[in-house]
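Engineer: I'd like to ask you about the structure that follows.
The values are calculated or read from the model by the stated rules, or taken from the named source; none is laboratory data. Since we're looking at a predicted model, the values are computed, not measured. Here the Cβ is made from the backbone with ideal geometry for all residues, glycine too, and neighbour counts use every protein chain on show. Just the protein is used for accessible areas: all its heavy atoms, side chains included, with ligands, DNA and RNA removed. Shrake-Rupley method; radii C 1.70, N 1.55, O 1.52, S 1.80 Å.
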Amino acid sequence: MEQAVAGQLKVVIATKLNVGIKHVSLPVAYIPGDTDEFILLSGHYDSWHKGATDNAGSNALCLELARVFSNYLGKLKRGIKIAWWPGHSNKRYAGSAWYCDHFWQDLNDNCVAHINVDFSGSNGAVKIISKSTTMEDQDLLKKIISDFTGKETNTFDYLPCGVDQSFLGVSIPIHLAIRYESEDKSIIYNPGGGWWWHTEEDLYDKIDLELLLRDTKIHAAIIQNISQADVLPLKLTQFLKNSKKILEEIDKNSDEAFDFTPIYQSLEGFREKWNEVEKRNTVPLEVYNQLLKIIAGDLNRLMFSYSSEYDFDSTFPKKPFPGLQKVEHIYKPSASKESYLFTMTFFVRQRNRFINEMKMMINIINNFMQYKNSLYPVPKSLQ
């Protein structure tokens with residue numbers, strides 16, 4: 001201690017990295033609905049030490065919802081799958097990535113929402129922030145959260161590419177994760193937890209059972225609403241408006257040689273095509289939901305990933321349109337010739353991707369628009 005106080009103490013830390021192939025378990029519970037469509041609820045079960053807040057509390061939440069919803073067999077419109085991921089910390093989301101690879105077609109065809117839970121029930125984490133792609137009906141989320149907290153919430157944020165967000169490449173319309181924070185600005189609970197995060201001190205006493213019950217009820221209500229909704233609770237038109245604002249901000253803060261004009265043109269062409277769907281006033285219920293799932297899922301992929309639908313982006317924090325974001329604050333006079341050329345090449349490829357995927361979505365809409373004798377009105381709330 002005297003040496004430490006005097007500033008004369010030297011400490012050597014050694015680490016040993018064990019590398020190898022291991023077999024792990026990936027439990028999945030399935031409560032089927034009337035159709036093949038389902039909501040995927042997930043959380044990781046691997047932890048550092050005991051990991052009460054990260055992530056045993058959320059594991060308990062998932063177990064309880066599996067128990068509760070199992071009582072509704074045969075009564076759900078859309079099914080529920082609940083997965084507990086291995087390989088979250090020690091393999092950087094390998095469990096959820098493996099699941100996406102091996103159940104890609106089922107996810108792409110039938111999954112309407114992925115809801116990830118982490119840090120549920122943490123002590124002092126009374127503030128709730130909804131993180132998502134913002135495709136969902138945020139008014140519905142506000143009501144659910146206020147019903148169980150007694151407080152109005154207007155705090156929404158974009159979902160980062162992390163925390164087992166391995167499903168941004170497949171066509172899923174709703175991606176959601178709730179973040180919990182203390183109202184004390186000096187304490188950060190998620191991500192990073194309290195001072196006990198990733199230590200031997202992340203024990204049962206770090207869980208608030210009342211908050212864990214609150215979090216469980218909130219997730220149950222979200223899942224129940226999505227499962228039983230006649231029309232998927234999405235706000236596609238608002239999503240398109242937000243997308244344009246984000247693109248304009250990137251454009252404004254980059255070199256003028258990065259030409260966004262074709263991107264704006266393709267986005268406007270798609271918006272006009274979607275307006276045609278809404279102006280029809282009536283579309284068959286099943287057809288409209290199918291169209292919503294495909295288009296919303298494809299828009300999510302375009303906005304929140306930069307690779308193909310069969311690969312995974314790196315999991316470093318990113319803003320929306322991560323491929324196009326690479327040009328932000330890049331100016332030719334201050335960049336090296338090599339880095340500027342690499343950035344321009346990447347931008348052109350991402351621009352090509354954006355334009356072509358917009359064309360593909362317009363073709364999908366044209367195919368769906370061939371349906372006649374419409375049976376179901378498009379709700380004005382979705383327009």
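Engineer: Quick check: from the Cα gyration tensor, does the range 211-251 come out rounded (a/c under 1.5), prolate or oblate?
Structural biologist: Here the range 211-251 falls in the oblate category.
Engineer: Just want the answer: with Cβ charges of +1 for Lys and Arg and -1 for Asp and Glu, which residue in Thr155, Leu267, Pro173 is farthest toward the dipole's positive end in the chain?
Structural biologist: Towards the positive end, the residue furthest out is Leu267.
Engineer: Hey, what do the phi angles of the range 87-101 turn into as Karplus ³J(HN,Hα) couplings, whole Hz, using 6.51/-1.76/1.60 and θ = phi - 60°, x for Gly and Pro?
Structural biologist: x, 6, 8, 7, 8, 6, 6, 5, x, 5, 5, 4, 4, 4, 4
Engineer: Given labels modelled 7 Å from the Cα in the Cβ direction, how far is it in nm from Asp109 to Leu209?
Structural biologist: 4.5 nm
Engineer: Continuing with the same structure: Carbon-plus-sulfur fraction of the accessible area of the chain, 1.4 Å probe, in percent?
Structural biologist: 55 percent
Engineer: Give the calculated FRET efficiency between Val5 and Asn363 to the nearest 0.05, with a Förster radius of 56 Å applied to their Cβ-Cβ distance.
Structural biologist: So, using R0 = 56 Å, E works out to roughly 0.20.
Engineer: Under 22 Å Cα-Cα from Lys127, which lysines qualify once same-chain neighbours fewer than 8 residues away are excluded?
Structural biologist: Lys142, Lys143, Lys151, Lys185, Lys206, Lys217
Engineer: Let me ask you something else. Going by amide H atoms built from the backbone, whose H comes under 5 Å of the H on Ile174, apart from near neighbours?
Structural biologist: Ala113, His114
Engineer: To the nearest 500 deg cm²/dmol, what mean residue ellipticity at 222 nm is calculated for the chain from DSSP H runs of n ≥ 4 alone, each contributing -39,500 (n - 2.57), summed and divided by the residues?
Structural biologist: -13500 deg cm²/dmol
Engineer: Just tell me which aspartates and glutamates come within less than 12 Å, Cα to Cα, of Lys75; anything on the same chain fewer than 8 places away is out.
Structural biologist: Qualifying aspartates and glutamates at Cα under 12 Å: Asp34.
Engineer: Give the ranking of Met360, Met369 by solvent-accessible surface, highest area first, calculated with a 1.4 Å probe.
Structural biologist: Result of the area sort, largest leading: Met360, Met369.
Engineer: How large is the accessible surface of Met303 in square angstrom, using a 1.4 angstrom probe and rounding to the nearest 10?
Structural biologist: 0 Å²
Engineer: For a quick check, take a GNM of the chain with Cα springs below 10 Å and name the residue from Asn110, Asn59, Asn18 with the largest mean-square fluctuation.
Structural biologist: Asn18
Engineer: When the solvent-accessible surface of protein heavy atoms is calculated with a 1.4 angstrom probe, in what order do Lys22, Lys319 fall, highest first?
Structural biologist: These residues rank, largest area first, as Lys22, Lys319.
Engineer: Out of the DSSP beta bridges found with both residues in the chain, what percent are antiparallel (nearest 5)?
Structural biologist: Of the beta bridges lying entirely in the chain, close to 40 percent run antiparallel.
Engineer: With point charges of +1 on the Cβ of Lys and Arg and -1 on the Cβ of Asp and Glu, referenced to the Cα centre of the range 41-148, which listed residue (Ala125, Trp48, Val112) lies farthest in the positive direction of the dipole?
Structural biologist: Going by the Cα projections, it comes out as Ala125.
Engineer: Using a 1.4 Å probe and ignoring any ligands, DNA or RNA, find the accessible area of Tyr45 and quote it in Å² to the nearest 10.
Structural biologist: Solvent-accessible area, nearest 10 Å²: 80 Å².
Engineer: Another one. Less than 13 Å Cβ to Cβ from Glu248, Lys/Arg counted +1 and Asp/Glu -1: what total charge do the surrounding residues give?
Structural biologist: Computed value for this residue: 0.
Engineer: Let me ask another. With every protein chain left in place, what is the accessible area of Thr15 in Å² (1.4 Å probe, nearest 10)?
Structural biologist: Estimated to the nearest 10 Å², Thr15 gives 130 Å².
Engineer: Work through the residues other than Lys142 whose Cβ is under 13 Å from its Cβ and net out their charges, Lys, Arg +1 and Asp, Glu -1.
Structural biologist: Taking every Cβ under 13 Å from that of Lys142, the sum is -2.
Engineer: Let me ask something else about it. Using a Gaussian network model of the chain with C-alpha springs under 10 Å, which one of Gln325, Gln228, Gln370 is most mobile by mean-square fluctuation?
Structural biologist: Answer for the Gaussian network model of the chain: Gln370.
Engineer: With every protein chain present, what is the per residue accessible area of the range 234-351 (1.4 Å probe, Å²)?
Structural biologist: 50 Å²
Engineer: Follow-up. Work out from phi, with θ = phi - 60° and the Karplus expression 6.51 cos²θ - 1.76 cosθ + 1.60, the ³J(HN,Hα) of each residue of the range 66-74, listed in order in whole Hz, and give x for Gly and Pro.
Structural biologist: Per residue, the Karplus-derived 3J(HN,Hα) values read 5, 5, 5, 6, 5, 6, 10, 4, x Hz.
Engineer: Which of the lysines could a cross-linker bridge to Lys245, judged by Cα under 20 Å and excluding same-chain residues fewer than eight apart?
Structural biologist: Candidates past the 8-residue exclusion: Lys131, Lys235, Lys273, Lys318, Lys319, Lys326.
Engineer: May I pose another question? Please give the Cα centre distance for the range 137-179 versus the range 252-317, rounded to the nearest Å.
Structural biologist: Using only Cα atoms, the two centres lie 19 Å from each other.
Engineer: Under a Cβ-Cβ cut-off of 15 Å, what is the net charge of the residues other than Ser120 that fall near it, where Lys and Arg count +1 and Asp and Glu count -1?
Structural biologist: Local net charge: -3.
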